[in-house]
Amino acid sequence: MIDGVIALYIFMLAAFTGYEVISRVPVILHTPLMSGSNFVHGIVLVGAMVALAAADTTLMRVIGFIGVVLAAGNAVGGYVVTERMLKMFVLAGKKKGS
Amino acid sequence: MLSASMIQTLTQLSYLIAAALFILGLKRMSSPVTAVSGVRWAGVGMLLATVVTLAFMRAASLNFVLVIAAIAIGSVLAWVSGKRVAMTDMPQMIALYNGMGGGAAAAIAAVELYSGNEHNLVHLTMAAIGGFIGAVSFSGSLIAFAKLQGLITKSVRFGGQKFVNLAILLITLGFGFMVVSGTGAESGLPVVSLFFVFALILGVAMTLPIGGADMPVVISLYNALTGLAVGFEGFVLDNAAMIIAGTVVGAAGTLLTQLMAKAMNRSLANVLFSNFGETSAAGSGSAAGTQKPIEASDAGVMMAYAHKLIIVPGYGLAVAQAQHKVWELAQLLIDRSVTVRFAIHPVAGRMPGHMNVLLAEAGVPYDLIADLDEINAEFETADVALIIGANDVVNPDARSNKSSPIYGMPILNADKAKNVVVIKRGQGQGFSGIDNALFGLDQTRMLYGDAQSAVTQLIQAVKAAG
């Protein structure tokens, strides 16, 4: 699907994108943003699912199972804490307006 | 029934949309106004990718059940812990979830490498690199979590540690080479297992000697590393969403790590390889003068009749959960037409922005919160600087004492204020174990006690001031 050179292009463009997206973030959002980017790499879940789905020995299944549990924890936990943090900023903003 | 190629196309399309939503989501998270919608956009992307993957998964029924069960277990555990954790403990939760992501990337690599079905050298190398980084990030993040959670209180340091760590690194790389080149299979050694075991040990060994004050930088670094690991495994699995999301996080996390290290005026190498805090140079003699205590009632009156008060919060505020009380105090003073500002050092607390999150939780409006560059000129015009559980970030030694380990770090110039009140639990040194010259200055008064109770007493004192 994705051959070597195309993969390198994707890698390069994604790296620039990540750099640009973060470089304009105010300091107050650094922690939520670290948390948010932590959530985004939770996409490892789809990879872990594919790996477990293809497992054909007990060892593979055990490792794959652990992988999916960990990945789901990364995605869900990352989302929950990021949303909780960011909601506070909205709250604080509204109070200021009132 | 959809044909295989259509399924392939639909899956790839959903990943493309997910990747776009991640980038847009991160972009929206860069402004307080759109931040919540940002994480929700990213969440929609994640949900889409997961559901499509699940729907089109061709797997034996046993594996299918295992996938569902694993998702359920991981999600419920993370959901409950994420909802319950106190805002003050957020940094270690991020470390924990990040470690889980690294572990998942390592698990994918392990499945690929153990299966032995993969013979493409490029893919094997990618899997091994991703597995290595993921495993280091996994065990390193768990140690960071344990340290911040207080499960590990000592920083393990010994002579020649760097060389031991270097040896572990070289051994890990050696096994990695054997795994990729296929020479391991002939030697009869369980090289794949040894490779992962040593990678895990390396993560532990790298993180153990790092002092708690440097943890924000370390967590951020591991966040970037997990992103990279996910990107590498994305190459192995031909998964564009993983490549893009992983690389974006890897790049963004690296930048964030640099920003943090810069705020502490230290290079990343310095954080990782110097044994900071070990300097028992505590007796540098710079802490001239003695610490002069003050009663809460006197401090309260001083603040009640001030024109301008600058509050400098630190980790002590987080530990004592005093953010709501501090805002109550600030509101009382504002009602008395005292000008109140909050000064946030970039590395106050355990993560950049940690204090901002706590103050936002208490409902402090953004416009009262200023960062280092904005506020530093204002200390000269402030009647009172109230330091709550902060230490190194207001230590004037960083400006003037070349022998101080934190020399050169930008600090908040609290010592320029006419009066300084420091709320501190005891007379001991701060987290980094460095004496603070500020505490001995003529205009400084120490208010000993837990931040929560001390601020409560201040509130009463201000109310009593009439």
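The values are calculated or read from the model by the stated rules, or taken from the named source; none is laboratory data. Just so you know, these numbers come straight off a predicted model, no measurement behind them. Positions of Cβ are backbone-derived with ideal geometry, glycine not excepted, and every protein chain shown enters the neighbour counts. Protein only, heavy atoms only, side chains kept; ligands, DNA and RNA dropped before computing areas. Shrake-Rupley method; radii C 1.70, N 1.55, O 1.52, S 1.80 Å.
For the reader, a short list of remarks on this structure follows.
- From its DSSP helices (H runs of at least four residues, each -39,500 (n - 2.57)), chain B gives a residue-normalised ellipticity at 222 nm of -20000 deg cm²/dmol.
- Overall form of the range A:1-83 per C-alpha gyration tensor (a/c, 1.5; a/b vs b/c): oblate
- Average beta carbon contacts from partner chains per residue of B:364-377, 10 Å cutoff: 2
- Computed on protein heavy atoms with a 1.4 Å probe, the accessible areas place B:HIS324, B:HIS307, B:HIS354 in the order B:HIS307, B:HIS324, B:HIS354, largest first.
- Rg in Å to one decimal, and Dmax rounded to a whole Å, for the range B:376-466 via C-alpha atoms: 13.7, 47
- Probe 1.4 Å, protein heavy atoms only - accessible area per residue of the protein assembly as shown in square angstrom: 39
- Distance between the range B:19-44 and the range B:288-324 - C-alpha centres, whole angstrom: 38
- Chain B, accessible surface, carbon-and-sulfur percent (1.4 angstrom probe): 64
- Judged by the mean number of other Cβ atoms found within 10 Å, the most tightly packed of the peptides A:37-45, B:165-173, B:310-318 leads the ranking A:37-45, B:310-318, B:165-173.
- Summarising the label geometry, the points placed 7 Å from Cα in the beta-carbon direction at B:SER453 and B:TRP79 lie 4.0 nm from one another.
- Total accessible area lost when B and A pair, probe 1.4 Å, Å² to nearest 100: 8000
- Hydrodynamic analysis of chain B uses the Kirkwood radius over alpha carbon pairs. Inserted into Stokes-Einstein at 10 °C and 1.306 mPa s, it gives a translational diffusion coefficient of 65 µm²/s.
- Accessible heavy-atom area order of A:ARG61, A:ARG24, highest first, probe of 1.4 Å: A:ARG24, A:ARG61
- Phi angles of the range B:25-39 translate, via the Karplus equation with coefficients 6.51, -1.76, 1.60 and θ = phi - 60°, into HN-Hα couplings of x, 4, 4, 5, 6, 8, 9, x, 5, 9, 4, 5, 4, x, 5 Hz per residue; Gly and Pro are given as x.
- Solvent-accessible surface ranking, highest first, for B:GLU380, A:GLU83 at 1.4 angstrom: B:GLU380, A:GLU83
- Normalised radius of gyration (Cα atoms, divided by 2.2 N^0.38 Å) for the protein assembly as shown: 1.03.
- Equivalent ellipsoid, the range B:144-249 (semi-axes from 5 times Cα gyration tensor eigenvalues, Å): 27, 23, 10
- Modelled FRET efficiency - R0 30 Å, B:ALA465 with B:LYS292, Cβ distances, 0.05 increments: 0.90
- Sorting B:199-210, B:80-91 by average packing, meaning the other beta carbons within 10 Å per residue, from highest down gives B:199-210, B:80-91.
- Under a 5 Å amide H cut-off, with hydrogens placed 1.01 Å from N, B:LYS308 pairs with B:THR339, B:ASP383, B:VAL384 among residues at least 5 apart or on other chains.
- Per-residue HN-Hα couplings for the range B:45-56 [Karplus 6.51, -1.76, 1.60; θ = phi - 60°; Hz; x = Gly/Pro]: x, 4, 5, 4, 4, 5, 5, 5, 4, 5, 5, 9
- In the range A:9-27, the residues whose accessible area drops by at least 40 square angstrom when the other protein chains are added to the isolated chain are A:ILE10, A:PHE11, A:ALA14, A:TYR19, A:VAL21, A:ILE22, A:VAL27; the probe is 1.4 Å and only protein heavy atoms count.
- Centre separation in Å (Cα based) which lies between the range B:123-159 and the range B:195-266: 10
- Label-point gap, in nm, between B:VAL156 and B:VAL122 - each point 7 angstrom along Cα→Cβ: 4.0
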